[in-house]
Amino acid sequence: MNIDEIYMRMAISIAKKGIGEASPNPMVGAVVVKNGKIVGKGYHKRYGEAHAEVNALNDAGSKAKGATLYLNLEPCCHFGKTPPCTDAVIKAGIKRVVAGMTDPNPKVSGKGFDILKKAGIEVSTGILEEECRRLNEGFIKRIKTGRPFVILKVAASLDGKTATRNKESKWITSEASRRCVHRLRGQVDAIMTGIGTVLADDPLLTPRVGRIKKAPLRVVVDSLLRTPASTKIAGKNTIFATTNKASAKAVKSLESQGAEVAFFKAREGKVDLSLVMDHLGKRGINSVMVEAGPELSGALLEAGLVDKVLFFYAPKIIGGVGAQGMVGGEGIDRLSEAIPLKEMKVKRLGEDIMIEGYVHRDN
């Protein structure tokens, strides 16, 4: 590992402090190094506040002159909530900038590097680029497609059952797995579920482990708006995605609890999930974790809207043809039509196993 990679890993680590608060902006960490010593560090603490470069340069003060600035993403060069970071870098007298990747935002995308080069600053890019991309995969997906990065989370027995034949589902997995899920909830911008899960489990869908920075938006897909206003999820910070089949009475009832009701065109009698994802992207939602039953999980997979899966398996066998499976939908006729996964990882959580993988697409 060379010296640039060492400091880039540090910048990536610092950037992660912004999880849950930097969005819809990307997570960025910066390290200022001079004569082999770290003289300044900073990260983008929360949306609307100073960016990582500015915080690191302020930390370094006059020592920034002639130093090298390491950061995981290209400095911005446009006015947004804050002034261009390229101006601050030039003014501080930075000699060299080492960035992990180019900003995918068309407003920046290479322009920041060009400005720095014209100012006489040496620029190096592509250092640990894949790690930098993984850090901000949600931001990158939204900027490039207009839709958030979607994570499908499912908890099941070893034989792939998410509930017994009597619909009992609490709790299949262990406390260790549930704590992991709560931590993950605190790292995404939104959590999505379906009406089936709401009626069966009455979930709250909030993170309840660790320091909660910003509560994720809750999204309920309910084509007929059958959710009772008395459910835990019917309140502020919740959007109900429905169709024009929803009754005015149901809309008024949920809105009276502080919830938002959004209408979408129907596809085969159900909410068009692609339109829901477009809507969330326009709201600046970078990432969505889906915690739902087999019907919504299957629909999202069949629509090609899932980017990553997290399957939690408990060392239990439920059995039974009538027991609920993990993924519904029409299914496939041939194995060649199966959805392939890549970059698989396996992790132990107490007695449970978590399998993580990215949905592989040819495009």
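In a Debye calculation with equal point scatterers on the alpha-carbon sites of the stretch 286-349 and no solvent, what is log10 I(q)/I(0) at q = 0.20, 0.29, 0.30 Å⁻¹?
Each listed q maps to, in turn, -1.09, -1.38, -1.37.
Name the lysines eligible as straight-distance cross-link partners of LYS153: C-alpha to C-alpha under 17 Å, and not fewer than 8 places from it in the same chain.
Cα-Cα hits under 17 Å: LYS161, LYS170, LYS308, LYS342, LYS345, LYS347.
Would you please put 48-57, 262-271, 87-96 in order of how densely packed they are, using the mean number of other Cβ atoms within 10 angstrom per residue and starting with the highest?
Details: 48-57: 23.5, 262-271: 14.8, 87-96: 18.4.
Per-residue mean Cβ counts within 10 Å order the peptides as 48-57, 87-96, 262-271.
Determine the per residue accessible area of the stretch 217-258 with all protein chains present and a 1.4 angstrom probe, expressed in square angstrom.
For the stretch 217-258, the per-residue accessible area is 48 Å².
Got a sec to turn the phi values of the stretch 241-250 into Karplus ³J(HN,Hα) couplings, 6.51 cos²θ - 1.76 cosθ + 1.60 with θ = phi - 60°, whole Hz, x for Gly and Pro?
Karplus-based 3J(HN,Hα) across the stretch 241-250 equals 8, 9, 10, 6, 7, 5, 7, 4, 5, 5 Hz.
Roughly how many Å is it from the Cα centre of the stretch 254-312 to that of the stretch 143-211, as a whole number?
When both Cα centres are located, 14 Å separates them.
Tell me the volume per residue, in Å³, of the convex hull enclosing the alpha carbons of the stretch 1-115.
Numbers: hull volume 10.3 nm³, N = 115.
Measuring per residue, one finds 90 Å³ for the Cα hull of the stretch 1-115.
Can I get the semi-axes of the chain's equivalent ellipsoid? Compute them from the C-alpha gyration tensor as square roots of 5 times the eigenvalues, in angstrom, largest first. If you can, show how the numbers build up before the last one.
Values: eigenvalues 344, 104, 68 Å².
For the chain, the semi-axes come out at 41, 23, 18 Å.
Mind listing the Cα extents of the stretch 131-170 along all three principal axes, in Å, largest one first?
Ordered largest first, the stretch 131-170 gives principal extents of 43, 22, 15 Å.
How large is the helix-only mean residue ellipticity at 222 nm for the chain, computed as the sum of -39500 (n - 2.57) over DSSP H runs with n ≥ 4, divided by its residue count, in deg cm²/dmol to the nearest 500? Spell out each step's value before the answer.
Details: 11 runs with 99 residues, N = 363.
It lands at -7500 deg cm²/dmol.
Let me know the charge dipole size of the chain about its Cα centre in debye, to the nearest 20, where only the beta-carbon of Lys, Arg (+1) and Asp, Glu (-1) is charged. Don't jump to the answer; show the numbers that get you there.
Values: 57 positive and 39 negative charges, 237 e Å.
My answer is approximately 1140 debye.
Determine the dipole magnitude for the stretch 7-100: charges of +1 sit on the beta-carbon of Lys and Arg, -1 on that of Asp and Glu, nothing else is charged, the reference point is the Cα centre, and the result goes in debye to the nearest 20. Don't skip to the answer; put the middle values down first.
Details: 14 positive and 6 negative charges, 77 e Å.
Once rounded to the nearest 20, the dipole reads 360 debye.
Round to a whole number: what % of the accessible area of the stretch 38-94 belongs to carbon and sulfur, probe 1.4 Å? Numbers along the way, then the final one.
Numbers: 1270 of 2550 Å².
The computed percentage sits at 50.
Among 236-245, 16-25, how do they line up by average Cβ neighbours within 10 Å per residue, starting with the highest? All intermediate terms of the calculation are to be shown ahead of the outcome.
On the way: 236-245: 18.1, 16-25: 20.1.
The most tightly packed comes first, giving 16-25, 236-245.
When ligands, DNA and RNA are left out and all protein chains stay put, how many square angstrom of accessible area per residue does the stretch 150-207 have with a 1.4 Å probe? List each step's numbers first, then the result.
Working: 2470 Å² over 58 residues.
So the stretch 150-207 comes to 43 Å² accessible per residue, rounded to a whole number.
Carbon and sulfur: what percent of the stretch 143-302's accessible surface (1.4 Å probe)?
Numbers: 3740 of 7480 Å².
Heavy-atom surface of the stretch 143-302 belonging to carbon and sulfur, 1.4 Å probe: 50 percent.
Charges at C-beta only: +1 for Lys and Arg, -1 for Asp and Glu. How large is the resulting dipole of the stretch 243-363 about its Cα centre, in Debye rounded to 20?
On the way: 16 positive and 17 negative charges, 59 e Å.
Dipole size: approximately 280 debye.
The values are calculated or read from the model by the stated rules, or taken from the named source; none is laboratory data. These numbers come from a predicted model, not from an experiment. Because the Cβ atoms are built from the backbone with ideal geometry, glycine has one as well, and the counts that use them run over all protein chains shown. For the accessible areas, the whole protein counts, side chains as well, though only heavy atoms, and no ligand, DNA or RNA atoms are used. Shrake-Rupley method; radii C 1.70, N 1.55, O 1.52, S 1.80 Å.
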